[in-house]
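Here the structure comes first, spelled out in structure tokens, and everything after it is commentary.
Bear in mind that the values in this text are calculations on the coordinates, not laboratory data. Quantities reported herein were computed from a predicted structural model and do not represent experimental measurements. Every residue, glycine among them, receives a Cβ derived from its backbone with ideal geometry; neighbour counts consider all protein chains shown.
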Ligand SMILES: [Mg+2]
């Protein structure tokens with residue numbers, strides 16, 4: 001399989017947040033056909049809708065010898081575990097899944113930590129005000145011989161990570177159901193948002209490549225791509241404009257075509273073709289059932 005980076009050693013830890021990065025658990029009425037047509041509805045306590053490209057990204061990373069994939073969501077383990085396994089099962093071949101299923105590391109709400117006094121101070125300094133929250137400390141994720149500096153958390157919230165681990169954060173702005181729906185009226189503003197998976201893939205591959213070419217840690221490579229020095233040269237700032245740099249989306253899509261050659265960006269046209277198509281009576285009942293399942297689960301258990 002063609003690969004954008006040469007396989008030298010197994011060293012990178014890629015940690016995925018789940019909600020609004022790989023999937024959502026709520027869609028608007030009429031949106032489910034878009035996900036059903038692409039085989040992207042998975043059951044994990046309630047229906048979850050996987051973003052197009054996410055399965056291909058998972059499959060690609062699992063085939064790279066130098067990468068170990070883990071998951072860290074502040075949701076509860078009783079939802080996270082079936083969700084991750086459903087996602088892996090549908091992304092990998094049966095043979096691949098059987099081989100890795102025992103070793104999958106899934107970190108959940110009980111693994112998030114309170115800030116120490118020093119971490120509180122760091123946070124206030126960095127963000128101006130303190131925001132109390134349990135955070136995802138990546139310290140315990142690297143296993144024998146792996147390093148924290150080559151560990152990356154892909155997450156949609158800057159405040160989920162410790163300030164001291166900001167270099168380890170691949171930030172991706174969250175994608176929600178409403179962004180898909182907005183393709184109807186504002187395709188230009190939303191086309192990047194509904195294709196964030198390709199951005200994540202492209203940015204990750206670019207950072208891995210940079211870390212090799214410049215012989216620096218993956219976290220440092222990511223930091224140099226995502227952040228810039230402000231004019232006063234004292235503080236680093238996230239480059240907001242990076243989220244609309246086409247280069248990363250294209251690199252991600254082209255790379256993931258190694259897994260699925262006909263993979264395409266989600267467009268207004270492809271969205272409307274699914275949500276506007278006629279539905280059979282069975283489908284109508286199925287879509288109604290998805291909404292009923294979610295409603296029921298919300299009454300007894302909130303995943304977040
Ligand atoms: Mg999230």
inquiry  = List residues of region 156-190, by number, whose backbone nitrogen lies under 11 Å from a label position 7 Å along Cα→C-beta of residue 125.
reply    = 164
task = For a footprinting-style exposure proxy, rank 140, 29 by other Cβ within 10 Å, fewest first.
result = 29, 140
task = Take the alpha carbon gyration tensor of region 161-302, find the square roots of its eigenvalues, order them as a ≥ b ≥ c, and report rounded if a/c is under 1.5; if not, report prolate when a/b exceeds b/c, else oblate.
result = prolate
inquiry  = Cut-off is 10 Å between beta-carbons; in what order do 193, 208 appear when sorted fewest neighbours first?
reply    = 193, 208
task = Quick one: order 46, 126 by neighbouring beta-carbon count within 10 Å, fewest to most.
result = 126, 46
Contact order relative to length of region 127-192, as percent, for alpha carbon pairs under 8 angstrom and 6 or more apart = 26 percent
request  = Could you work out how far helix 281-300 tilts from the main Cα principal axis of the chain, as a 0 to 90 degree angle to the nearest 10?
outcome  = 50 degrees
query = Let a ≥ b ≥ c be the square roots of the eigenvalues of the Cα gyration tensor of region 112-199; is it rounded (a/c under 1.5), or, if not, prolate (a/b larger than b/c) or oblate?
reply = oblate
ask   = In the chain, what % of DSSP beta bridges are antiparallel (nearest 5)?
value = 35 percent
ask   = Using a Förster distance of 22 Å, how high is the FRET efficiency between residue 241 and residue 272, based on the Cβ-Cβ distance and rounded to 0.05?
value = 0.15
ask   = With each run of n ≥ 4 DSSP H residues scored as -39500 (n - 2.57), what mean residue ellipticity at 222 nm is computed for the chain after dividing by its residue count and rounding to the nearest 500 deg cm²/dmol?
value = -12000 deg cm²/dmol
remark   = Expressed as a whole-number percentage, the relative contact order of region 17-266 with C-alpha contacts under 8 angstrom and at least six residues apart is 18 percent
query = Any idea how far the Cα center of region 106-133 sits from the one of region 198-227, in Å?
reply = 25 Å
Three-way shape label, region 17-266, alpha-carbon gyration tensor, a/c 1.5 = rounded
remark   = Here, residue 76 and residue 224, labelled 7 Å along Cα→Cβ, have an inter-label distance in nm of 4.5 nm
Degrees, to the nearest 10: 246-256 long Cα axis against longest axis of the chain = 70 degrees
task = With label points built 7 Å along Cα→Cβ from the Cα atoms of residue 281 and residue 178, find their separation and express it in nm.
result = 3.7 nm
ask   = What residues of region 128-167 lie in the reach of a label at residue 118, counting those whose backbone N is under 12 Å from a point 7 Å from the Cα along Cα→Cβ?
value = 164
